[in-house]
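Here is the structure we will look at, set down as structure tokens.
Each reported figure results from applying straightforward, stated rules to the coordinates on display, with no laboratory input. These figures come from a predicted structure and were not determined experimentally. Here the Cβ is made from the backbone with ideal geometry for all residues, glycine too, and neighbour counts use every protein chain on show.
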Amino acid sequence: MVKVMQRGLKAVTAAALTVAMAALAGCSSGGGDAQEGQDPATATGTLRVVVPNFPADNEGQAVFRGIVDIFHKTYPQMKVEPDFVPYDNLNEKISTSLAAGKNYDVVSAGIGWVQPLADLGAIQSLTKLGIKTEDLEKSVYPAFVSPMKYDGDLYAVPIVANPRLLAYSKSAFTEAGLDPAKPPQSLAELRADAKKLTKRDAKGQITRTGFDFWAPASNYRQQFVAFLGAKGGEMFTPDGQPAFDSQQGIDALQLIHDMVAVDKSSTYGYQNSAKTALVTTGEAAMGFAGPYVDCTTGPEGIGAKCKDLVYFNLKDAKEAVYVGGRVAAVGDGTKYPQAALAFIKAMQDQKSQEAISKLDVGVPISSTAGDSAFVKSNPAGAFAWKNLDKAIFEYGGATFLDFRAKFGPSLDEVILGRKSPQDVLKELDTVARK
Amino acid sequence: MTTQVLEQPTAQAAAEPRRSRRRNGVERAKARAGWMLLTPALVHSVIFIAIPGVMAVYLSFTNARVAGQGAWIGLKNYLDLFQDAQFANALKNTLLYTIAVVPVAMALSLAVAIGLNQKIPGRALFRTLFYIPVVTSTVAVAAVWLWIYNPAAGLGNQVLAFFGLARSGWLTDPGVALPALMVVGIWQGLGAKMIIYLAALQSISPDLIEAATLDGASRWQTFWNVTWPGLAPVHFFVLVTSIASSFQVFDLIYVTTGGGPANSTNVLTFDIFTNAFERLHIGYASAETVIMLVFVGVLISLGRLSLRNREDL
């Protein structure tokens, strides 16, 4: 029985152990012997940084080293201890580090994390550290400032934006008898075009997807938000109240269901082995795509296909683009708040933003990035950057992480025809209001 | 004489405490040695089992979002859990997974063990092959099965196509995903059970088999009346470990489906993980863990009971 208990307890052992670790570790943060307030040139110590989605390969490490090099220009003697995690494990890292009393000095996360982490006490107010909202509004796309705030204070700064663009193949449009100069404008047109663009074999199996949602199973959240925005709806009101349980929400969710389960112009949850957008590889005629596309002819690039792709926005009731993004914040309780701010500044550096954009399939967020060679040279990035003012976000309040965990699986219930959009959105509304 | 008679018991009585003291001294030394040998395991058990176990029970009565925080809320987490449709679904999926995987895997592994207990060519190779999935990381195993279940180019759909059947969305069809993972669970657990059964089969005296054969028993009668009863303690061990491991299936779900589609593969351990580390409700997740332990305990007790009844018969 003891053995069974041992096995059964596995799921919480790590969490419970952190409590014991807390007693051992005390409430220290970081390491070394730096004294905040001393000259940055002579400051020593270790800055602990948690960064999601930095691949462990040479490319990912090189990008991080580049950020550290910029940081070391100000803090040459300070060590940086990174913790690379997938987004799926970010909460695990943060919660166990909090429980152990060893919170990170710098926390990088997604836009939706800002308010829950601020509420949890994992990150601290940047306003209190002297960062002004007005200055941030000047340096980044203003639409990204509001998601960085909690209780009136600024808690994070955006680093890169991750929009989900819509793209189609001109040649596929021509082949299907559609005008390649006329992208679909409404959701109804999108559905009709997707049907025409779908190619099937004699058995009716899809050989070319009509519309690719670029989403694994249980993860159609961002696509729903994009359609909701195009319908003129929003996920949450500016004061954090859920607003998606609306006619626009019902229409958006119904459309995804119809395209997947009725028209079958898209295969639910299908992704290629590289998990790249099918429209950029030619496996789909139309679909969601990222804002960074490699147009070279190398192994990673799509070469001439770049010229065949057209990026567009839906303009049903409103022109909208779903946008997520990476942010950076200062961990609560850090001994080195100024060094942490310097590290965040290094992440905001244009070079860093461009390098991270390649890793994250994103686009730099700074207000001057539109003129950069990086953005101009990349058709997807150029289109995305121009349209960031049409951003619709998924984030919403302190309970967002709780909501997010149920959001994707609940949408599945509708997409797969097990529940009605009305029922699911109502259930989600209840979750969001808890 | 009288004196002698009187003195003898006195001498014996004097010697007895000495022997007793010596014996007690030896026993105490043995006990000390026993405790010393046990100490590392006890320390390990206290730190890694008892403390986390007590912490889990304590946290289950709090509204902690991360360990070390939160206020006492009594039974609220438990009451909420009983009204939580996602928890009920996870519990149902876990029970279905256990009910399907445990008996099938036990039966198959026993059959394989009996086969590999015969003198067949390449027996050592087959034993190794059957055991390989056990020593392979579940993540690696899951990656292979992800390819097999790939809806476009996977082996599973190629086999279906060969027989002229329609392609299946193995891991994206809510009606198929859990059975598809059950197959992986059965396959992966086969080797460990097989090796235990094999050892048990080899411990059954050949004399008993020979005696039954000489008495004219058929192969089935020999198996049912000699081999099967001889395996009874092993059945219980395999049953207990199988139930425990099927209740803690996590990595397979995490890598392949993430609990989807539409929560159709969401099992208890995955739900605990989601509540603890995605929703950041460690108190709620701890209550779920306590309930899971109770279920595992009940299932194992039922298994034990059924074997006792069989023995009584």
Next item on the list: Take B:38, B:293 and order them by how many other Cβ atoms sit within 10 Å, fewest up front.
Entry: B:38, B:293
Next item on the list: For every helix of n ≥ 4 consecutive DSSP H residues, a contribution of -39,500 (n - 2.57) applies; sum these over chain A, divide by its total residues, and give [θ] at 222 nm rounded to the nearest 500 deg cm²/dmol.
Entry: -11500 deg cm²/dmol
Check: Between B:118, B:202, B:188, which gets the highest mean-square fluctuation from a Gaussian network model of chain B, Cα cutoff 10 Å?
Finding: B:118
Next item on the list: Compute the separation of the alpha-carbon centres of segment B:95-136 and segment B:240-265 and state it in Å as a whole number.
Entry: 21 Å
Notebook entry, point to check: Is the shape of the protein assembly as shown rounded, prolate or oblate, going by the alpha carbon gyration tensor and its root eigenvalues a ≥ b ≥ c, with a/c under 1.5 for rounded and a/b larger than b/c for prolate?
Noted result: oblate
Note to self: Through the Karplus equation 6.51 cos²θ - 1.76 cosθ + 1.60, θ set to phi - 60°, convert the phi angles of segment B:226-240 into ³J(HN,Hα) values in whole Hz; use x for Gly and Pro.
What the structure shows: 10, 5, 4, x, x, 8, 3, x, 5, 3, 5, 4, 5, 4, 4
Notebook entry, point to check: Non-local amide H neighbours of residue A:367 (under 5 Å, H modeled in plane, Pro and chain starts lacking H): which ones?
Noted result: A:140, A:141
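Which entries in the list A:149/A:434; A:231/A:358; A:345/A:390; A:149/A:351; A:149/A:315 go over 23 Å, if you measure between the two C-alpha atoms of each?
Details: A:149/A:434 20 Å; A:231/A:358 30 Å; A:345/A:390 26 Å; A:149/A:351 26 Å; A:149/A:315 29 Å.
Correct reply: A:231/A:358; A:345/A:390; A:149/A:351; A:149/A:315.
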Item checked: For segment A:345-362, Karplus couplings with θ = phi - 60° (6.51, -1.76, 1.60), whole Hz, Gly/Pro x -> 4, 5, 5, 7, 3, 4, 4, 5, 4, 5, 5, 5, 4, 5, 5, 8, 6, x
Margin query: As an exercise, use a Förster radius of 45 Å and the Cβ-Cβ distance of residue B:204 and residue B:18 to find the FRET efficiency, rounded to the nearest 0.05.
Written below: 0.40
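Segment B:71-165: which chymotrypsin sites (Phe, Trp or Tyr not before Pro) are DSSP loop and have at most 14 other beta-carbon atoms within 10 angstrom? Could you put the intermediate results ahead of the total?
Values: sites: B:72, B:78, B:82, B:87, B:97, B:126, B:130, B:131, B:145, B:147, B:149, B:162, B:163; in loops: B:149, B:163.
In loop regions of segment B:71-165 (DSSP not H, G, I, E or B), the sparsely surrounded chymotrypsin sites (Phe, Trp or Tyr not before Pro) are B:163.
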Checklist line | Using alpha-carbon coordinates, inclination of helix A:58-74 to the longest axis of chain A, degrees | finding: 40 degrees
Margin query: Residue by residue through segment B:216-221, what is 3J(HN,Hα) from phi via Karplus (6.51 cos²θ - 1.76 cosθ + 1.60, θ = phi - 60°)? Round to whole Hz and write x for glycine and proline.
Written below: x, 5, 6, 5, 5, 5
Item checked: Cleavage-rule hits (GluC sites (Glu not before Pro)) in segment A:291-385: DSSP loop, at most 13 neighbouring Cβ within 10 angstrom -> A:300
Next item on the list: May I ask you to derive the FRET efficiency for residue B:63 and residue B:251 from their Cβ-Cβ distance with R0 = 25 Å, giving the value to the nearest 0.05?
Entry: 0.30
Check: How do B:18, B:304 line up, fewest other C-beta atoms within 10 Å first?
Finding: B:18, B:304
Item checked: Amide H contacts of residue A:160 (H built 1.01 Å from N, under 5 Å, at least 5 apart or other chain) -> A:326
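Suppose we keep just the DSSP beta bridges with both residues in the protein assembly as shown; what percent of those would be antiparallel, to 5?
Details: 33 of 48 bridges.
If I count the DSSP bridges inside the protein assembly as shown, around 70 percent turn out antiparallel.
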Check: So which trypsin sites (Lys or Arg not before Pro) in segment A:140-237 end up in coil per DSSP with only 11 or fewer other C-beta atoms within 10 Å?
Finding: A:203
Next item on the list: Please say if segment B:215-294 is rounded, prolate or oblate, where rounded means a/c under 1.5 for a ≥ b ≥ c the square roots of the C-alpha gyration tensor eigenvalues, and otherwise the choice is prolate for a/b larger than b/c and oblate otherwise?
Entry: prolate
Notebook entry, point to check: With each pseudo-label sitting 7 Å past Cα toward Cβ, what's the residue A:247-residue B:82 distance in nm, one decimal?
Noted result: 4.3 nm
Check: Going by the alpha-carbon gyration tensor, a ≥ b ≥ c the square roots of its eigenvalues, is segment A:27-144 rounded (a/c under 1.5) or, if a/c is not under 1.5, prolate (a/b greater than b/c) versus oblate?
Finding: rounded
Margin query: Between A:159, A:123, A:250, where does the largest GNM mean-square fluctuation fall for chain A, given springs only between Cα atoms within less than 10 Å?
Written below: A:250
Notebook entry, point to check: Of A:204, A:60, A:381, which is the most mobile in a GNM of chain A whose springs link Cα atoms less than 10 angstrom apart?
Noted result: A:204
Next item on the list: Would you calculate the separation in nanometres between label points at residue A:239 and residue A:434, each defined as 7 Å from the Cα along the Cα-to-beta-carbon direction?
Entry: 2.4 nm
Notebook entry, point to check: Residues with amide H under 5 Å of residue B:267's amide H, sequence separation 5 or more or different chain, H placed in the peptide plane at 1.01 Å from N; which?
Noted result: none
Next item on the list: Set the Förster radius R0 to 56 Å, insert the Cβ-Cβ distance between residue A:72 and residue B:45 as r into 1/(1 + (r/R0)^6), and round the FRET efficiency to 0.05.
Entry: 0.75
Item checked: Projected label distance in nm at residue B:302 and residue B:29, using a 7 Å step from Cα toward the beta-carbon -> 5.2 nm
